[in-house]
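The values are calculated or read from the model by the stated rules, or taken from the named source; none is laboratory data. Nothing here was measured: the structure is a model prediction, and the numbers come from that model. Cβ: placed from backbone, ideal geometry, glycine included. Neighbour counts: every protein chain shown.
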Amino acid sequence: MKRRKLKVLSVAVAGLTMLAVDVVTIPFGSFVSEAHAIVGRPLTPGSVAGVARRTTRRVIRRTSVYVATLPAGCVSTSVNGAVVWRCGGVYYQPYGGRYVVVYID
């Protein structure tokens, strides 16, 4: 009998506490009131810079092969706005003072 009274008392205290606390209402369907992306910034999906960056990233794949200098007879070319050097059938991209071998898809 004593346990039952304790349970009833704790339920009553919890119920009164809920009534005393202000209930925060959340708008139905969304937790964010407005979008925070600004079109035109480089990392937003709709910006030209963001699209160009993702396209270039998907077309040019870097390897883990680095060279300090380019072989003789290399020609500078542009692939989707990124500068690469073509030396025969191998492409190089400038990276941190040296060149990395890249694959063009």
(message) Can you say whether Thr25 is modelled with pLDDT of 85 or more, part of a loop (DSSP other than H, G, I, E, B), more than 25 Å from the chain's Cα centre (by Cα) and loosely packed, with under 10 Cβ neighbours inside 10 Å, as far as the supplied structure shows?
(response) no
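Kindly indicate the residue of region 72-97 that is of a type in the set (A, V, I, L, M, F, W, C) and outside any strand (DSSP E or B) and also surrounded by the fewest Cβ atoms within 10 Å (Cβ to Cβ) among those meeting that condition. First the steps, then the outcome.
Applying the first criterion (of a type in the set (A, V, I, L, M, F, W, C)) to region 72-97 yields 72, 74-75, 79, 82-85, 87, 90.
Those still in the list that are outside any strand (DSSP E or B) too: 72, 74.
Numbers: Ala72: 6, Cys74: 17.
Across region 72-97, the extreme among qualifying residues is Ala72.
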(request) Go through the residues of region 41-56 one by one and say whether even a single one is exposed (fewer than 13 other Cβ atoms within 10 Å of the Cβ), assigned to a strand (DSSP E or B) and at pLDDT 75 or above. (result) no
